[in-house]
Amino acid sequence: MNKLYRTGLFFLTLSLTLVSGCWDNSEVNEIAVELGWGIDKAPNKRVKISAQAIIPARINGGQDGKSGGGKDKPFFVVSGEGMNTLDAVQQMQTKLSRLVFRGHRRVIVIGESMARQGVKDVFDTYTRDPNLKLRTDIFIVMGGTANEFLKTSYPLENIAALGVLGEYDQIGTPIEMGLLNFLHAATSEGASPAVPAVAIGMDSSSGNQPHQNVTSNPEGFRIIGTAIFNKELKMVGFLKMEEGRAIRWVTGNLNKLTVPVTIPGEEGNVSISLFKLHSKIQPAVQNGKLKMVVTLTANGAIRENNTRLDLTRPNNVNVVQSVLDKQIEETVSRTISHVQQEYGTDIFGFSDTIKRKNLALWKSIRNDWEHEFREAEISVNANVTVRRIGVTGPALQLKADEVKK
């Protein structure tokens, strides 16, 4: 009887699963599938919402078989303005024959002007919509608008919005976690959000400048750094790529990194690919002063050796590891100090760590956390272990008497 009951329950569950369908029963040919979403500042304190939706008939490359950079793009961008997000979406919907479906959204982009004005008043709806996909990434468009970004074609992807996700993945950051991380920091008692920043155009000859003219190269885009927000969800600063990597390592949101180092006493340099990156934060109070110890660990593989060092010798590998550890410690310490002194906003989540590990300490400093964060003594210890040196020890172009054993 028990077995019969379990069998019946299984088939009942299966039947309900098969007939349940979508929550709103919308047919595929009645919806506009949106992958990219844009938020911009509009006149008179209004908001401009843009959606990048796919054109199903062209999704496989269009008639000419080309990618998103072709004449017939497999997507289009539509926008609307209103006093808030849903008002703008309602205005947008008057231009569409189908209902915008947000269940497959992959990217949210925010124009720089909107980010600096603040997004606190436009994010409420993103926590209420049952169709909302929380595993979505957020990017700030520096020197441009979200609408301009969504209209930009990308040569390697049919759907342009997916190109920036690929770029983000290539720099070693777990994708599709941006919105969750943003909302977590926004609702945290002490932490503040940090969001990757992109620039329209693939020409980086002018450097990673946040205010580059977006018309210099309208095709494609590139990640240029990290935008910093305060507790009011207003963008207050911008950090370059190196600093952004440091932040992601400290917060545990970095899974790979390539670091070039110059070895003292050597004319060349060494490049190491890091993997299995981890971070540990330990808070403490000494003599009435808040102190934090950040320990960064990783494994490494040497990918390039332009020095005289024979890396089959353990002593030479130890030299490389020591120099690498010191460089990482200096870079991360410099980044933390920069954020403390210039912005005073805890984008590293130190407050959450204190609350989790020492609740009594957090209760004693929570009311003056910004001051405590600015004044905290934060030290960084790095410990990288080189696991692989490649198939050769010294550089192949060196003669035997030039190799340093």
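The values are calculated or read from the model by the stated rules, or taken from the named source; none is laboratory data. These numbers were taken from a predicted model, which means no experiment stands behind them. Neighbour counts run over all protein chains shown; Cβ positions are idealised from the backbone, glycine included.
Some values worked out for this structure:
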quantity	calculated
Selection within the stretch 325-357 - in a loop (DSSP other than H, G, I, E, B) and under 30 Å from Asn299 (Cβ atoms)	Ile347, Phe348, Gly349
Residue check, Glu232 surrounded by fewer than 16 Cβ atoms within 10 Å (Cβ to Cβ), assigned to a helix (DSSP H, G or I) and touching a residue at least 24 places away in the same chain (Cβ under 8 Å)	no
Ser279 vs. criteria surrounded by 15 or more Cβ atoms within 10 Å (Cβ to Cβ), more than 19 Å from His338 (Cβ to Cβ) and within 24 Å of the chain's Cα centre (by Cα)	no
Residue list for the stretch 159-191, restricted to those being polar (S, T, N, Q) and within 14 Å of the chain's Cα centre (by Cα)	Gln170, Thr173, Asn181
Identity of the residue in the stretch 115-137, among the acidic types (Asp, Glu) and either outside the structural domain of Val236 (by TED's automatic domain parsing) or part of a loop (DSSP other than H, G, I, E, B) (or both), that ends up nearest to Val236 (Cα to Cα)	Asp121
Residue match in the stretch 293-306 (condition: part of a loop (DSSP other than H, G, I, E, B), buried (at least 16 other Cβ atoms within 10 Å of the Cβ) and modelled with pLDDT under 95)	yes
Residue in the stretch 41-49 that is on the phi < 0 side of the Ramachandran plot and modelled with pLDDT under 90 present	no
Where Val195 falls short, out of the listed (1) of a type in the set (Val, Ile, Thr); (2) modelled with pLDDT of 80 or more; (3) in a loop (DSSP other than H, G, I, E, B)	(3)
Residues within the stretch 78-102 that are surrounded by fewer than 16 Cβ atoms within 10 Å (Cβ to Cβ) and in a loop (DSSP other than H, G, I, E, B), tallied	7
Which listed residue, of Gln286, Gln321, is buried (at least 16 other Cβ atoms within 10 Å of the Cβ) and either in contact (Cβ under 8 Å) with a residue 60 or more places away in the chain or not small (Gly, Ala, Ser) (or both)	Gln321
Pair list, Cβ < 9 Å and 6+ apart or interchain, from the stretch 360-378 residues that are of a type in the set (Phe, Trp, Tyr) to residues that are exposed (fewer than 14 other Cβ atoms within 10 Å of the Cβ)	Trp362/Glu189; Trp362/Arg356; Trp369/Glu189
Filter result for the condition that a residue is at pLDDT 95 or above and in the same structural domain as Phe182 (by TED's automatic domain parsing), over Glu112, Glu157	Glu112
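For (1) charged (D, E, K, R); (2) closer than 24 Å to Ser273 by Cβ; (3) surrounded by fewer than 13 Cβ atoms within 10 Å (Cβ to Cβ); (4) at pLDDT 90 or above, each residue gets a yes or a no:
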site	(1), (2), (3), (4)
Leu311	no, yes, no, no
Asp346	yes, no, no, yes
Lys357	yes, no, no, yes
Asp368	yes, no, yes, yes
His371	no, no, yes, yes
Val380	no, yes, no, yes
Leu396	no, yes, yes, no
Lys399	yes, no, yes, no
Val403	no, yes, no, no
